[in-house]
Each structure stands twice: as structure tokens, then as C-alpha cells.
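Each remark here refers to the structure printed beneath this line.
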Amino acid sequence: MTPSRFPPPAPDTQSLIPDLAAVLDWHKQRYPLLQARDIYKLVHQSVFGPGHAVASAVRARVALATELRALATQCKMQTAKCRVQQDGNEELIEPIDPNGKLVRVNLRPTLEPWGQSPCGDRPLGVAEWLAAAMVESARRVKGDPEQMRRRLTAAVRWCRTNLPLQSVELARIAVEAGAAGFPALHHSPTYKRAYRPAYRVVILPRARAPE
């Protein structure tokens, strides 16, 4: 499976808005039921990375192995329902960061028969390298609240043109989240029902398992 192509890296923060728009355009095309909360979550992950999800390396690895085993079982029993609905082919790597540094790694393509994972169909093996990638990513990415604020402002502007029904809600979330220190939020119920997201956020150099 060929990883996604990403928007070109932004040379500086002045290039942020058009590059963020490219990322949002990609997700809107792939996930047309994208809601305001999902946009906030994407922007949050692009700034703060996986930090909130990595309390400890051991817990991250155990949680990953458990989720991968469950996904493998589901996919064997309900293959047709395990794939993203738009075109029946779920990307391994998805862009989230205008600078191209952070990505989402979808879990289902790491499992046979869809993806050619170096770990085969062994969820524990996949969990080892991906948990290590999460820990390193959390260590290297700390996030900047001011960058989060700027990106959310750009995302609201994008919404007004591309998802106008979500723009007011995203603006409200941005204000409330800013007052609360920009906490991580869950995906919207609509997004969860439609796409059953299962992924981890890591820095791009660690998004591919070792050969």
C-alpha cells in the first residue's frame, strides 16, 4: 500500500494558512462527514502531537496491542466493514500537519491482508514499533498554544468557505478550548459512526515500521 502524498512543508508560519487549507481539503475529500470537533482534533494533533495519549511507554504498548488484536478479529469477521467507505481503501499514513512533521498512522492497514506490514499479522509486533514511535514523538513535540490559536483561526476561515455549517461551532469550540488551555477532544459521534477511526499520531520519520 502506498502512503499518502502530503502537502509540501511550509517554509515559515507565513505559509501556514494555504498549507493548512491543503490538509483540511484532503480530510474533507476523504471524510465528507467531518464535523467541527474533528477539525479541532486534527488541528490539536498537528500542534501537540500524541502527548496526551502517552502517559507511559508500557501503557501505550499494551493499549495498542489490545486494540490491534480487536481490530484483527473484527476484520476477519467483517472484512467488508473494516475499510473506509469512500473508496474501499484506507490509507496507512494521513497528513495532519501543514509542516509535514506529524501524521496519523491508521491501524487497520498494518494488519493483513490489506497492508504489507513487516510485522505480518502479529498485533504485538506492530504495537512495539508504533508505541516506540509515539513515545519518541511525545518527547520531541511539545506544542505551542499560540500556534494552536493561529491554526484554529485559519481553520475557522477555511470552514466558512468549505464547511459553512461547521464554522460557527468550530469558532465556539476554539474560544472555549482556548480558555481551558486547549485540551484534547474526542472525535464527533458522527465521525466515529461513519469512519470508526483507529490510528496513532507520530512524527513522520517514525511513521513507517523498520524493515
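The values are calculated or read from the model by the stated rules, or taken from the named source; none is laboratory data. It should be emphasised that the depicted structure is a prediction, and the values quoted were computed from it without experimental measurement. Note that each Cβ is placed from the backbone with ideal geometry, even for glycine, and that neighbours are counted across all protein chains shown.
So, in segment 102-129, exactly how many residues are aliphatic (A, V, I, L, M) and at pLDDT 85 or above? Give the derivation first.
So the first thing to find is which residues in segment 102-129 are aliphatic (A, V, I, L, M), and the list is 102-103, 105, 107, 111, 124, 126-127.
Then drop every residue that is not at pLDDT 85 or above, which leaves 102-103, 105, 107.
Matching residues across segment 102-129 total 4.
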Inset, instruction - Could you please find all residues in segment 141-154 being surrounded by 14 or more Cβ atoms within 10 Å (Cβ to Cβ) and under 20 Å from Gly51 (Cβ atoms)? - result: Val141, Gly143, Gln147, Met148, Arg149, Arg150, Arg151, Leu152
Inset, instruction - Look at Leu165 and say whether it is at pLDDT 95 or above, assigned to a helix (DSSP H, G or I) and buried (at least 16 other Cβ atoms within 10 Å of the Cβ). - result: no
Legend entry - Neighbours by Cβ (under 6 Å, 6+ apart or cross-chain): first from segment 164-179, on the phi < 0 side of the Ramachandran plot; second surrounded by fewer than 18 Cβ atoms within 10 Å (Cβ to Cβ) and in a helix (DSSP H, G or I): Ser167/Arg160
Legend entry - Pairs with Cβ under 8 Å, 6+ apart, first in segment 181-198 and part of a helix (DSSP H, G or I), second of a type in the set (Val, Ile, Thr): Tyr195/Val84
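Among Ala177, Ala132, which is in a helix (DSSP H, G or I) and modelled with pLDDT under 90? Give the derivation first.
Working: Ala177 fails: modelled with pLDDT under 90.
After applying the criteria, what remains is Ala132.
Kindly indicate the residue of segment 35-91 that is basic (Lys, Arg) and over 26 Å from Ala154 (Cβ atoms) and also modelled with the lowest pLDDT among those meeting that condition.
So in segment 35-91, the residues basic (Lys, Arg) come out as 37, 41, 59, 61, 69, 76, 81, 83.
Keeping just the survivors that are over 26 Å from Ala154 (Cβ atoms) gives 59, 61, 69, 76, 81, 83.
On the way: Arg59: 81, Arg61: 82, Arg69: 86, Lys76: 70, Lys81: 52, Arg83: 48.
Checked segment 35-91; the qualifying residue modelled with the lowest pLDDT is Arg83.
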Legend entry - Residue list for segment 23-35, restricted to those being surrounded by fewer than 16 Cβ atoms within 10 Å (Cβ to Cβ) and in a helix (DSSP H, G or I): Asp25, Gln29
